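Here's a structure for you.
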Amino acid sequence: MLDVTPHTFVPAEPVTINPDPANFPIKGKSVSVRALLVGDRIDVAALERDESLKTISKLPLAFPAGENGLAVVFRYGVVVFIGLAQPEESEVLKNLKGRISGPFKTREREDETATIEISVEREDQIPAGGPIYVRDLALERLLLVAYALADSVVLARDEKEVASVFDTIEPFAAELAATGKTPGGRRTILKLIGEALLVQHRVSGRVAVAEDPDVLWDRPDLSRLYSRLKDEYELKERVESLNRKLTVISDTARALTDMSDTERSLRLELLIVGLIAFEIVITIGQLLVGKVG
């Protein structure tokens, strides 16, 4: 299950951010951000050892890309492009191709876009349908936006997978309620249980959205910005909704397993009763033959 219980987490090592302006390409008054879910996992550890990337942050991993932008890579399969044009995004993905486990096809990829604008008067405000207003384009602020968008696209994927299982469970349960019999037999039940367990594994093992980003340990003054980002993308509410649905899926899988085991036990009991009855008939037959003889 996704862990939504607030807890204190101390990172194994301090957040490493390189504030050197020479390595920080973002300039101007506004910048576009796009988060893209490209696969199940990305080998971030291998990327950290790649000296050609000139990383400016390790938690999360961020490095300059394109002419005037950044790429932020998350281990749970998300790449966030900051200030990059489409061809520049494609070039980053091309370079990451060998590091992506379980890559998704283009049509299967979830994405989320946003615009960040500098506005001292409206600092840390996120109007509905509008840009994200910040005091400046400091790296830490950009990373917090990247975190929020990355979590949002992962949740979007998980929501679709859970909804798919629910679409299977609902007609199954309706037929069971109407007829009192399990439709499709044991094979159908086992297939449904497998789908339920698979989506539980994928969703619960992907990302712990409730955890605060490591960036906030060095910049607690940015907590308000991240709180508003979580509210804007309804991260907490979506995780809680997923948890409730996963609980239903888990209970359904357990109930189907018990039902299948009960039906199997009943068949075994009937078989045993049949064998006992057959043995009794044979015994009686032998007794009758003995008396006649």
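Take the conditions out of contact with any Lys or Arg (no Cβ under 8 Å at 6 or more places or on another chain) and assigned to a strand (DSSP E or B) and apply them to THR115. Does it pass?
yes
Check whether at least one residue in the range 215-230 is in a loop (DSSP other than H, G, I, E, B), modelled with pLDDT of 70 or more, in the same structural domain as ASP251 (by TED's automatic domain parsing) and not aromatic (Phe, Trp, Tyr), and report yes or no.
yes
Residues of the range 257-293 being touching a helix residue (DSSP H, G or I) at 6+ places or on another chain (Cβ under 7 Å) and either among the small types (Gly, Ala, Ser) or at pLDDT 70 or above (or both), which ones?
Selection gives SER260 alone.
Any idea which residue in the range 30-57 is nearest to ILE100 (Cα to Cα), counting only those that are free of Cβ contacts under 8 Å to residues at least 12 places away in the same chain and part of a helix (DSSP H, G or I)?
Looking at the filtered set, the residue picked out is ALA45.
Does at least one position in the range 202-209 carry a residue that is outside the structural domain of LEU139 (by TED's automatic domain parsing), at pLDDT 70 or above, surrounded by 10 or more Cβ atoms within 10 Å (Cβ to Cβ) and not small (Gly, Ala, Ser)?
Taking every residue of the range 202-209 in turn, none turns out to be outside the structural domain of LEU139 (by TED's automatic domain parsing), at pLDDT 70 or above, surrounded by 10 or more Cβ atoms within 10 Å (Cβ to Cβ) and not small (Gly, Ala, Ser).
For (1) among the polar types (S, T, N, Q); (2) crowded, with 22+ Cβ neighbours inside 10 Å; (3) at pLDDT below 90; (4) part of a helix (DSSP H, G or I), each residue gets a yes or a no:
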| site | (1), (2), (3), (4) |
| --- | --- |
| VAL73 | no, yes, no, no |
| PHE81 | no, yes, no, no |
| LYS94 | no, no, no, yes |
| ARG107 | no, no, yes, yes |
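The values are calculated or read from the model by the stated rules, or taken from the named source; none is laboratory data. As the structure is a computational prediction, the values presented were derived from the model and not from experiment. Using ideal geometry, Cβ is built from the backbone for each residue, glycine included, and neighbour counts are taken over all protein chains shown.
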